[in-house]
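Novice: Can you read through this structure? Questions will come right after.
The values are calculated or read from the model by the stated rules, or taken from the named source; none is laboratory data. On a predicted model such as this, the values are computed, not experimentally measured, just so you know. So basically every Cβ, Gly included, is an ideal-geometry build from the backbone, and we count neighbours across all protein chains shown.
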Amino acid sequence: MTPSELTLNDIADACELRVLAKGDHLLRVGDIAEHIYFMSAGLVRYYFLDGDSGEERTGQFFDKDQVFTDASSFLSQAPASQSMQALEPSEVICLSRRALYAAYAADHAMERFGRLMVEAALVGSQRRSTSLLTLAPDERYRTFVNARPEVARRVPQYLIASYLGITPESLSRIRGRLAKKLPVKR
């Protein structure tokens, strides 16, 4: 079953392009997530504030062709517990919650598509949690760089450290150890 042409046209009509400058926010803590975003170009991170230290903790990076939102806020219409910020000039396609739910109601294939998107997000979230809880910092870094090399090149090291749950100093030591293990290119 595939979404009908009419439903796809309705969704396309409901979408709007939002251009972000570096540092612009799509969502801030306390806002209600009213949109789902499709990354067209650029790089966005979501982050939250550590309750004890007040430090920013990076939860995820989103780049081209990824779909994202604050799922908890979007689904429950509760205040967001995280913020989303452009790390570089970015373009996102925004689809409102109202338009998405109208598409679900109009077409079972769209509803199925939505379920599959949520399932994929849940799997990704579980993998991330498992990685943070079970892998050593060196392995978390290698896994991140191998899975997302382009993002790893574009993101400042202190944000990668935050994403990995380590200090920037620890990341520097990890990178130094790994550089010593790599064969010398001639």
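Novice: Which condition number does residue 136 fail, the rest of (1) over 29 Å from residue 22 (Cα atoms); (2) small (Gly, Ala, Ser); (3) modelled with pLDDT of 95 or more being met?
Specialist: Of the numbered conditions (1) over 29 Å from residue 22 (Cα atoms); (2) small (Gly, Ala, Ser); (3) modelled with pLDDT of 95 or more, the odd one out for residue 136 is (3).
Novice: Okay, next question. How do the helices (runs of 4 or more DSSP H) wholly within segment 100-186 filter down when requiring 2 or more residues that are under 17 Å from residue 45 (Cα atoms): which remain?
Specialist: 108-134, 137-147, 149-154, 157-164
Novice: Moving on to the next point. Anything in segment 15-54 that is within 20 Å of residue 132 (Cβ to Cβ), touching a strand residue (DSSP E or B) at 6+ places or on another chain (Cβ under 7 Å) and not aromatic (Phe, Trp, Tyr)? List them, or say none.
Specialist: Of everything in segment 15-54, those that are within 20 Å of residue 132 (Cβ to Cβ), touching a strand residue (DSSP E or B) at 6+ places or on another chain (Cβ under 7 Å) and not aromatic (Phe, Trp, Tyr) turn out to be 45, 49, 50.
Novice: List every residue pair whose Cβ atoms sit under 8 Å apart, with the two residues 6 or more apart in sequence or on different chains, where the first one lies in segment 164-180 and is polar (S, T, N, Q) and the second, anywhere, is part of a helix (DSSP H, G or I) and surrounded by 11 or more Cβ atoms within 10 Å (Cβ to Cβ).
Specialist: Hits for this filter: 167/161; 170/137; 170/161; 172/157.
Novice: Read through the list (1) farther than 27 Å from residue 164 by Cα; (2) modelled with pLDDT under 95; (3) touching a Ser or Thr at 6+ places or on another chain (Cβ under 8 Å), then give the number of the only condition that residue 34 fails.
Specialist: Residue 34 satisfies every listed condition except (2).
Novice: Look at segment 162-184 and say how many of its residues are touching a Leu at 6+ places or on another chain (Cβ under 8 Å) and either closer than 22 Å to residue 64 by Cα or not aliphatic (A, V, I, L, M) (or both). Write out each step before concluding.
Specialist: As a first pass, look at segment 162-184 and keep what is touching a Leu at 6+ places or on another chain (Cβ under 8 Å): 164-165, 171.
Filter once more, keeping what is either closer than 22 Å to residue 64 by Cα or not aliphatic (A, V, I, L, M) (or both): 164-165.
The number of residues fulfilling the criteria is 2.
Novice: Could you grab me the full set of residues in segment 78-104 that are farther than 22 Å from residue 18 by Cβ and either surrounded by 15 or more Cβ atoms within 10 Å (Cβ to Cβ) or at pLDDT below 90 (or both)?
Specialist: The one that is farther than 22 Å from residue 18 by Cβ and either surrounded by 15 or more Cβ atoms within 10 Å (Cβ to Cβ) or at pLDDT below 90 (or both): 104.
Table: residues versus (1) under 21 Å from the mean Cα position of the chain (by Cα); (2) within 23 Å of residue 85 (Cα to Cα); (3) not hydroxyl-bearing (Ser, Thr, Tyr).
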| residue | (1), (2), (3) |
| --- | --- |
| 111 | no, no, yes |
| 115 | yes, no, yes |
| 119 | yes, no, yes |
| 172 | no, no, no |
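Novice: Are there any pairs with C-beta distances below 7 angstrom linking a residue in segment 120-142 that is closer than 14 Å to residue 160 by Cα to a residue that is of a type in the set (S, T, N, Q), with the two at least 6 apart or on different chains, and if so which?
Specialist: Short answer, once both residue conditions are applied: 137/170; 140/131.
Novice: Residue by residue through segment 109-160, note down the ones that are basic (Lys, Arg) and surrounded by fewer than 11 Cβ atoms within 10 Å (Cβ to Cβ). Lay out the reasoning, then the answer.
Specialist: Kept after step one, since they are basic (Lys, Arg), are these residues of segment 109-160: 112, 115, 127-128, 140, 142, 148, 153-154.
Once the filter is applied, which keeps residues that are basic (Lys, Arg) and surrounded by fewer than 11 Cβ atoms within 10 Å (Cβ to Cβ), segment 109-160 yields only 153.
Novice: Which of the numbered conditions does residue 24 fail, given that it passes all the others? Conditions: (1) closer than 22 Å to residue 164 by Cβ; (2) at pLDDT 95 or above; (3) charged (D, E, K, R).
Specialist: Just one mismatch for residue 24, condition (1).
Novice: Show me the strands (runs of 3 or more DSSP E) found entirely inside segment 1-99 where at least 1 residues are touching a Cys at 6+ places or on another chain (Cβ under 7 Å), closer than 24 Å to residue 115 by Cα and not basic (Lys, Arg).
Specialist: Values: elements: 16-20, 25-27, 35-41, 43-49, 56-63, 83-86, 90-96.
Once the strands (runs of 3 or more DSSP E) in segment 1-99 are filtered for at least 1 residues that are touching a Cys at 6+ places or on another chain (Cβ under 7 Å), closer than 24 Å to residue 115 by Cα and not basic (Lys, Arg), what remains is 16-20, 35-41, 90-96.
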